[in-house]
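The values are calculated or read from the model by the stated rules, or taken from the named source; none is laboratory data. Note that the coordinates shown come from a computational prediction; the quantities given were computed from them, not determined experimentally. Every residue, glycine as well, gets a Cβ built from its backbone with ideal geometry; the counts of neighbours run over all protein chains shown.
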Amino acid sequence: MATFSLLITANPYSNQGQYSALKFTKAVLEAGHIIKRIFFYADGVLVANRLNCPPADELNLTKSWAKLAIEKDIELTVCVTAALKRGIVNQAEAERNALTSESIDPAFELSGLGQLTEAMLASDRLVTFG
Amino acid sequence: MKTLFILNNPSKLTTCLEAMAKDDGLLLIEDAVILTRKNIERKEISLQALNEDVTARGVNHTDPSWQLINYAKFVELTLTFDKSVTWL
């Protein structure tokens, strides 16, 4: 049994990276391994926006990650700096920046790059999807 | 230290190969599965491609030196090597 963390920088609607990462995560869990943390960085953070409304005949990546995180108790960590630049904020950041509402899906959590470093140190493997 | 290089962009192949050492492995995923063995000058490196992405693109790989794998094997492969580098 091994411990994995993932770094995802892929834009959810420009290429296949998020989809590949989702399938890889499921394969890791099916093989009986552990997912320590999934860290979203750069354009990858766009998937954490709870206001995303993809067409009904396309996979809803935000909901897919959220469902997996809840069912399997996985940490979905979003880089706060990358997220704020792209309008993905929690309640505290919305208030701090005088915005009308939060926009992050509740299954995701804003945090710093330190969480990526910690995940790398605490995992046997880090696999990047960009 | 053996490294698994994961390539998803076919136009980055040349720089990826330059960065690879003798015992490293190359896994082609996403758009990079359109590459063929002919594109890869270094014959000594182990070469694999993600079957699901190959099928999705209608590519027909018949080269026996080319191994098609599924996601379960992809996970195993990351553990076979000491680390993985996604060549973006």
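Yes or no, residue by residue, for (1) farther than 15 Å from residue B:6 by Cβ; (2) facing another protein chain (nearest Cβ under 9 Å); (3) without any contact (Cβ under 8 Å) to a residue 40 or more places away in the chain; (4) among the hydrophobic types (A, V, I, L, M, F, W, C):
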residue	(1), (2), (3), (4)
B:33	no, no, yes, yes
B:42	yes, no, yes, no
B:45	no, no, yes, yes
B:55	yes, no, yes, no
B:61	yes, no, yes, no
B:65	yes, no, yes, no
B:74	no, yes, no, yes
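Mind checking which residues of the range A:1-25 are surrounded by fewer than 17 Cβ atoms within 10 Å (Cβ to Cβ) and touching a strand residue (DSSP E or B) at 6+ places or on another chain (Cβ under 8 Å)? Of everything in the range A:1-25, those that are surrounded by fewer than 17 Cβ atoms within 10 Å (Cβ to Cβ) and touching a strand residue (DSSP E or B) at 6+ places or on another chain (Cβ under 8 Å) turn out to be A:1, A:2, A:3.
In the range B:52-59, the count of residues that are surrounded by 15 or more Cβ atoms within 10 Å (Cβ to Cβ) and in contact with a His (Cβ under 9 Å, 6 or more places away or on another chain) is one or more. Among the residues of the range A:45-63, are any under 29 Å from residue B:74 (Cα atoms), in contact with a strand residue (DSSP E or B) (Cβ under 7 Å, 6 or more places away or on another chain) and surrounded by fewer than 16 Cβ atoms within 10 Å (Cβ to Cβ)? Checked against the condition, which is being under 29 Å from residue B:74 (Cα atoms), in contact with a strand residue (DSSP E or B) (Cβ under 7 Å, 6 or more places away or on another chain) and surrounded by fewer than 16 Cβ atoms within 10 Å (Cβ to Cβ), the range A:45-63 yields no hits at all. Quick one: in the range B:1-53, which of the residues that are outside any loop (DSSP other than H, G, I, E, B) and among the small types (Gly, Ala, Ser) is nearest to residue A:127 (Cα to Cα)? Among those that are outside any loop (DSSP other than H, G, I, E, B) and among the small types (Gly, Ala, Ser), it is B:25. On the stretch given as the range B:54-77, residues that are over 12 Å from the mean Cα position of the chain (by Cα) and not in a loop (DSSP other than H, G, I, E, B) total 7.
Inside the range A:101-130, can you point out the residues that are in a loop (DSSP other than H, G, I, E, B), within 14 Å of chain B (Cβ to nearest Cβ) and not acidic (Asp, Glu)? Step through it out loud before you land on a result.
Of the residues in the range A:101-130, the ones in a loop (DSSP other than H, G, I, E, B) are A:101-103, A:105-107, A:112-113, A:123-124, A:130.
If we keep only those that are within 14 Å of chain B (Cβ to nearest Cβ) too, we end up with A:123-124, A:130.
The answer is A:123, A:130.
Do the conditions hold for residue A:117, that is, is it within 11 Å of the chain's Cα centre (by Cα), at negative phi and at pLDDT 95 or above? The answer is no for residue A:117.
Would you call residue B:26 at pLDDT 95 or above and away from chain A (no Cβ under 14 Å)? Yes.
Out of all the residues in the range A:1-37, which are more than 13 Å from every other protein chain (Cβ to nearest Cβ) and in contact with a helix residue (DSSP H, G or I) (Cβ under 7 Å, 6 or more places away or on another chain)?
First, pick out the residues of the range A:1-37 that are more than 13 Å from every other protein chain (Cβ to nearest Cβ): A:12-13, A:36-37.
Hits for the range A:1-37 are A:12, A:36, A:37.
For the criterion of being closer than 26 Å to residue A:23 by Cα, modelled with pLDDT of 95 or more and more than 13 Å from chain A (Cβ to nearest Cβ), residue B:13 passes. Being within 14 Å of chain B (Cβ to nearest Cβ), within 20 Å of residue A:17 (Cα to Cα) and in contact with a Ser or Thr (Cβ under 6 Å, 6 or more places away or on another chain) is the requirement here; does residue A:59 meet it? No, not satisfied.
Which count do you get for residues in the range A:95-130 that are among the basic types (Lys, Arg) and surrounded by 19 or more Cβ atoms within 10 Å (Cβ to Cβ)?
Number of matching residues: 1.
Every condition in (1) outside any helix (DSSP H, G or I); (2) surrounded by 15 or more Cβ atoms within 10 Å (Cβ to Cβ) is met by residue A:28 except one, and the failing one is (1). Number of residues in the range A:1-25 that are without any contact (Cβ under 8 Å) to a residue 40 or more places away in the chain and assigned to a helix (DSSP H, G or I): the value is 1.
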